[in-house]
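Have a look at the structure below before the remarks.
The values are calculated or read from the model by the stated rules, or taken from the named source; none is laboratory data. All values reported here derive from a predicted model rather than from experimental measurement. When we count neighbours, we look across all protein chains shown, and the Cβ atoms used for this are built from the backbone with ideal geometry, even at glycine.
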Amino acid sequence: MSNRMVYRGEGSTDGPPDLVVVGNRVFSSGLVSDRPGGLESETHRIFQLTLSTLRNAGVAPGDVVRTRAWFVEDASGAYEDAIRDTHGVVFDSPGPAFSAIRVPDLPSGAAIAIELEAVKGGAGHIKHFEPDDFSATSTAVFCDGELWISGLTATGSDIGDQIGGITADVSRALAEFGMSEADVVATRHFMLPEAQFPEPPAQWSAFMEQAIPTSAGIAVDSVGHDRLFMLECEAVQDAAKGRNNLRSGRSYEIDHNYCRSVRVEGGSVVYVAGFTSAVVGEIVRSEFDVAGQVRDTLETIRWSIEEQGMQWANLARMRAYIVGGPEKLDEAGKELDAQLEGMEVVVAIIGVPTLARPEVVVEIEATAAV
């Protein structure tokens, strides 16, 4: 823990830190504006606060490898356009990998929350694939042997066709940097509730079986006009040559070709899948209970980190998806604060319409780093 630094932005005095820096890896909480006022004003303010916090940590905007914007309301697409426009002003092109996802609720009634990841000092040697000058984003960003792939969508008549188009684009990005699907270590996909699949489409199974990476599958309000599915990935160069894919024994993991956590041989990061309170036998503990499921889920996340040879104290980041509206987001935040007391961990809390089963109301992703 001696090389971990934490930073809080203007007006931030309690709760999770805004940034955690472990070595040269930088992770942020889900950052929201301190001045509520609708998406346009909040977007400008939160990017302003984010840049200020980065500067305080000695991190340049060019060091940022991924940004993710969560936003609420507005089904027209105008909000996402406004976010991309602001992103294009804040960052120089070529910019980071980027995703914009519409969800029903964010903490404190916020209209937008921003997450970012950076490699401190990485600006001079970051490589970008397919940059977009208007929004200052890139399809993929490569730095120090790791690849971050934007939230990608595709057209298609059904979920299988869209997944096929997306995974083809992922393959192109990987190939650009001499990598393959077998080097993918972490995935998360966002989809409309009606697009959730009890049985994975063939295109998804074929993609996932090449690496058995981590996975989080999250229902959201929108991933873009006429789109059903969005996929983000992280990959590590030569991960296929030496990696530990940890499974818990649940049949669901085998059926969907994913694992609970991944650590590349000699690597400083453990990538942890989206965990719920479900255990072997598909039994859901603490049914419909947000606080109880937070506790249960953290217990298994801790197991997945320690099994990879790291300590619980190496936990750096959490992202919690919560069903049930603003009060349940508050409940989750209080329980996370209690369970993580004394630990400096960045946290993003995101409201979602549903998770895999009605009685499951919490899903949490995590990252540990040394």
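Things to note:
- Hits in the stretch 318-370 - residues which are closer than 18 Å to Glu287 by Cβ and among the β-branched types (Val, Ile, Thr): Ile322, Val323, Val352, Thr354, Val360, Val361, Val362, Ile364
- Pick from the stretch 50-68, criterion polar (S, T, N, Q) and closer than 24 Å to Ala140 by Cβ, ranking: farthest from the chain's Cα centre (by Cα): Thr50
- Summed over the stretch 290-316, residues that are in contact with a Ser or Thr (Cβ under 7 Å, 6 or more places away or on another chain) and acidic (Asp, Glu) total 1.
- Filter result for Glu10 (touching a residue at least 24 places away in the same chain (Cβ under 8 Å) and under 30 Å from Thr153 (Cα atoms)): no
- So Ile218, is it outside the structural domain of Ala369 (by TED's automatic domain parsing), touching a Phe, Trp or Tyr at 6+ places or on another chain (Cβ under 9 Å) and in a loop (DSSP other than H, G, I, E, B): no
- Condition met for Asp92 (closer than 23 Å to Asp337 by Cβ and surrounded by fewer than 23 Cβ atoms within 10 Å (Cβ to Cβ)): no
- Close pairs (8 angstrom Cβ cut-off, 6 or more residues apart or separate chains): surrounded by fewer than 18 Cβ atoms within 10 Å (Cβ to Cβ) in the stretch 148-164, among the basic types (Lys, Arg) anywhere: Thr155/Arg227
- Tallying residues that are surrounded by fewer than 18 Cβ atoms within 10 Å (Cβ to Cβ) and part of a helix (DSSP H, G or I) within the stretch 319-370 yields 7.
- Answer from Thr86, Thr53 - the residue that is in a helix (DSSP H, G or I), within 30 Å of Leu174 (Cα to Cα), hydroxyl-bearing (Ser, Thr, Tyr) and not assigned by TED's automatic domain parsing to the domain that holds Thr367: Thr86
- Set Phe47, Phe98, Phe71: member being under 16 Å from Ser138 (Cα atoms), surrounded by 21 or more Cβ atoms within 10 Å (Cβ to Cβ), of a type outside the set (Val, Ile, Thr) and not assigned by TED's automatic domain parsing to the domain that holds Asp221: Phe98
- With respect to being of a type in the set (Val, Ile, Thr) and either crowded, with 20+ Cβ neighbours inside 10 Å or in contact with a His (Cβ under 9 Å, 6 or more places away or on another chain) (or both), Val280 falls outside the description.
- Scanning the stretch 259-304 for residues that are touching a Pro at 6+ places or on another chain (Cβ under 8 Å) and closer than 21 Å to Ala348 by Cβ yields Val262, Tyr271.
- Glu117 vs. criteria at pLDDT 95 or above, within 21 Å of Ala240 (Cα to Cα), out of contact with any Gly (no Cβ under 9 Å at 6 or more places or on another chain) and surrounded by 20 or more Cβ atoms within 10 Å (Cβ to Cβ): no
- Here Gly23 meets each of (1) surrounded by 15 or more Cβ atoms within 10 Å (Cβ to Cβ); (2) among the small types (Gly, Ala, Ser); (3) farther than 21 Å from Asp330 by Cα with one exception, condition (1).
- Among residues of the stretch 9-49 being more than 20 Å from the chain's Cα centre (by Cα) and of a type in the set (S, T, N, Q), the one that is modelled with the highest pLDDT is Gln48.
- Within the stretch 268-287, tally of residues that are modelled with pLDDT of 95 or more and over 20 Å from Pro358 (Cβ atoms): 6
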